[in-house]
1. Does segment B:71-93 contain any residue that is in a loop (DSSP other than H, G, I, E, B), within 14 Å of chain A (Cβ to nearest Cβ) and closer than 29 Å to residue A:99 by Cα?
2. Is it the case, given these coordinates, that residue B:31 is out of contact with any Phe, Trp or Tyr (no Cβ under 6 Å at 6 or more places or on another chain), surrounded by 15 or more Cβ atoms within 10 Å (Cβ to Cβ) and in contact (Cβ under 8 Å) with a residue 60 or more places away in the chain?
3. Where in segment A:64-116 are there strands (runs of 3 or more DSSP E), lying wholly inside it, with at least 2 residues that are closer than 16 Å to residue A:4 by Cβ and within 11 Å of chain B (Cβ to nearest Cβ)?
4. What number of residues in segment A:15-34 are more than 11 Å from chain B (Cβ to nearest Cβ), assigned to a strand (DSSP E or B) and either touching an Asp or Glu at 6+ places or on another chain (Cβ under 6 Å) or modelled with pLDDT of 95 or more (or both)?
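The values are calculated or read from the model by the stated rules, or taken from the named source; none is laboratory data. The structure displayed is predicted, hence computed values, not measured ones. Methodologically, a virtual Cβ is constructed for each residue, glycine included, from the backbone with ideal geometry; neighbour enumeration extends over all protein chains shown.
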Amino acid sequence: GAVVSQHPSWVICKSGTSVKIECRSLDFQATTMFWYRQFPKQSLMLMATSNEGSKATYEQGVEKDKFLINHASLTLSTLTVTSAHPEDSSFYICSASGSYSSYEQYFGPGTRLTVT
Amino acid sequence: GENVEQHPSTLSVQEGDSAVIKCTYSDSASNYFPWYKQELGKRPQLIIDIRSNVGEKKDQRIAVTLNKTAKHFSLHITETQPEDSAVYFCAASLDTGTASKLTFGTGTRLQVTL
């Protein structure tokens with residue numbers, strides 16, 4: 001139980017384009033989803049927290065107009081990287097929390113984004 | 001906000017030896033402390049966690065200890081095996097009954113040599 005998927009697993013895009021990453025909870029209702037970014041050999045840095053049906057709460061220093069987060073249902077959250085630049089290249093990981101456990105977060109497999 | 005420090009950044013042990021990773025946190029209100037193992041390019045996997053009302057927890061070769069007064073907690077791996085090689089992250093959060101954000105440590109790269 002408590003399975004979270006992400007799509008795509010990897011994506012390459014050109015500078016200036018937008019990329020959408022999906023995060024789905026497959027067997028539970030995710031009332032809260034979290035989006036992290038992880039640069040090589042670094043820790044996970046929380047970008048934003050989203051609750052179903054509400055606007056996302058962004059961490060300090062994260063541009064909300066650049067990283068658009070939508071949590072329209074209890075099983076799906078999306079992260080759109082707008083006008084991507086090479087410095088946005090990173091490993092993006094979502095996690096979900098909800099009906100299984102209020103405090104444990106279940107992580108998706110991650111999405112490797114490369115901006116050329 | 002919460003700040004979590006983790007040491008060491010790298011750790012090399014021989015197979016069969018023990019490994020210890022230490023973390024300190026800053027927010028005395030934090031009450032949930034998970035440990036994750038992450039292999040290259042993969043998702044973090046929860047390996048053990050501890051709540052603030054418990055001082056120690058053990059699961060086979062893995063144990064975690066928590067000192068609330070000193071605000072530090074440690075991961076102990078005994079009888080290490082090559083498959084234990086990975087990056088380990090500690091984290092801290094305040095469990096309020098609704099989802100709470102995790103603050104991660106900087107990670108420890110553990111290498112178990114034959």
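1. no
2. yes
3. Here the list reads A:90-98.
4. Summing the residues that are more than 11 Å from chain B (Cβ to nearest Cβ), assigned to a strand (DSSP E or B) and either touching an Asp or Glu at 6+ places or on another chain (Cβ under 6 Å) or modelled with pLDDT of 95 or more (or both) in segment A:15-34 gives 6.
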